[in-house]
Amino acid sequence: MPKQIHRKELIAIYRQQIIQDIRLFTSQPVAKFYDSLFLNLDLSFVREYPKTGRKGFSSHAMICAFIVMKCEGFPMITDLVDYLNNNLLIAHYCGFDISLPLPSYWTFDRFLKNFDHSILSYIMQSQVLSLAADGIIDTSFIGLDSTPVSANTSQNNPKSFLSNKFQPDNQPKADKDCKLGVHTASNQTNEKRYEFYWGYKSHVLVDCISGLPIYEMTTTAEVADSTVALDILAGTHAFLPVTECTFLADKGYDVKKIYNLVKELYDGECIIPLNKRNTKNPKLLPQGNPICEAGLAMWKDGKFSDRNRTRQKFCCPLKSSKDADCPCHHKNFYNGKKHRGCTRYITIPDDLRLSIDRNSRYFKSSYSLRTECERYNSRFKNTGQERMWVRNKSSVANLNTLAHISLLAVAIAAVTGNSGQSYRKLKSLKRTA
């Protein structure tokens, strides 16, 4: 009597035949790329199925599917659903049973909204530690920057001409979690162009040598960059020490508290341009004395302390002269004998923020490394994260973290595979996999 084939064996044979057939309809380098990507992705500490209730789809497969979404640069979940249904081999590598229907749009959307964000953060931390163990990531030079993420609302549509679309009290109905923010629309130093938007911010701490992310945080758009800098450093130090680091940031982080705590807590230094905050630049002599409007060098007239700072007072050099007259006939010169002449006040650099020589070669060469933050933000936007199509903060935060996980997974696959390709070039890796 012929031995009966077990049902599970029949399913395995049928599945193998399907995989052999669908290879003809999927790009082999791309399929090989994702196969290598997921083999080097450690999800062993993530619970695959819930303890109770319906089994549903595997959490590992859902995470891998969203990594595919970010690697392909899809901004919408519908694009991911169509891609997986038309590339069943890649869906198989994600971990789905391709002999059964794949997850729908609503399944992906529900997973994205309800999945615990701390698990994704832990996945990202494990990737960073893996790259740090290989000597790829280091915290010697770290840079912090934020990227605006627009919410899915009609008020962000440039073709909308509503007069009150950027009023703080006009909360979008489509997304109740987003907030009103502003970002610079030009990188030119002599241009002051700003744009308002409803949405969120992705704050990313980047290794300025490798150009890879170390830590990330998603906030609403109204949160100032400088207010989360210390929290991000503390979160990073909890799993990867940032002792003796050089912290690089733009002038939006030019806050005295950041300088002091980076020095006190981590024995590091800050390389941040001075934010003049609409202050005027007085003309100074090489000795540091200001020049008045009449072209005369002003004299020192004592020091005083004000709001935890020491200020040097300068007065008119003709103040004590009985017969002299102001060459430009300034109105302040005729305020009586005691208060006669102009006065100027210059803050004496007695703190870390003002003691930095920002014209030195060391400062300029160190600050040039911050461009890695801009390059990484560009790669982050290419994953489809510049504008969101989900409508709540939980989904936005999870998608942002998944985008960072995807780029780190690409780096790990490139380093492990020894392909010779740069771990920053996603398209090249997919072509040559």
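The values are calculated or read from the model by the stated rules, or taken from the named source; none is laboratory data. Just so you know, these numbers come straight off a predicted model, no measurement behind them. Every residue, glycine as well, gets a Cβ built from its backbone with ideal geometry; the counts of neighbours run over all protein chains shown. We work out accessible area using only protein heavy atoms, side chains counted, and drop any ligands, DNA or RNA first. Shrake-Rupley method; radii C 1.70, N 1.55, O 1.52, S 1.80 Å.
Structure summary
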read-out	value
Solvent-accessible area per residue, Å², over the range 65-204 with all protein chains present [probe radius 1.4 Å]	50
Added length on full extension, which subtracts the Cα-Cα distance from 0.36 nm per residue, A324 to T107	69.6 nm
Amide H within-cut-off set for D301, under 5 Å, with H built and near neighbours excluded	K313, F314, C315
Karplus-derived HN-Hα couplings along the range 105-119 (A = 6.51, B = -1.76, C = 1.60, θ = phi - 60°), whole Hz, x at Gly and Pro	4, 5, 5, 5, 5, 5, 4, 5, 6, 9, 5, 5, 5, 5, 5
For Y215, residues with placed amide H under 5 Å, excluding near neighbours	L205
Contour excess over end-to-end distance, with Cα ends at L352 and T52 and 0.36 nm allotted per residue	102.4 nm
Long-range amide H partners of C245 with built H, under 5 Å	G268, E269
The range 170-274 - percent of accessible surface contributed by carbon and sulfur, probe 1.4 Å	50
Per-residue SASA entry for T218, accessible area with 1.4 Å probe, Å² rounded to 10	20
Computed FRET value (nearest 0.05) for D231 with K276, which takes r as the C-beta separation and R₀ as 25 Å	0.45
Shape call, the range 98-240: gyration tensor on alpha carbons, a/c limit 1.5	oblate
Links that overshoot a 19 Å alpha carbon limit, given the list K113/K393; K176/K381; K70/K113	K176/K381
Neighbour cut-off at most 15 other Cβ (10 Å), DSSP loop, chymotrypsin sites (Phe, Trp or Tyr not before Pro), the range 169-257	F239
Cβ-placed point charges (K, R +1; D, E -1), dipole of the range 301-382 about Cα centre in debye, nearest 20	180
Listed peptides 407-417, 289-299 by packing density, highest first (mean Cβ within 10 Å)	407-417, 289-299
Solvent-accessible heavy-atom area per residue, rounded to whole Å², over the range 214-330 at 1.4 Å	56
Solvent-accessible surface (1.4 angstrom probe) belonging to E216, in square angstrom, nearest 10	20
Loop-resident sites, the range 114-188, for trypsin sites (Lys or Arg not before Pro), counting at most 15 other Cβ within 10 Å (DSSP)	K159, K173, K176
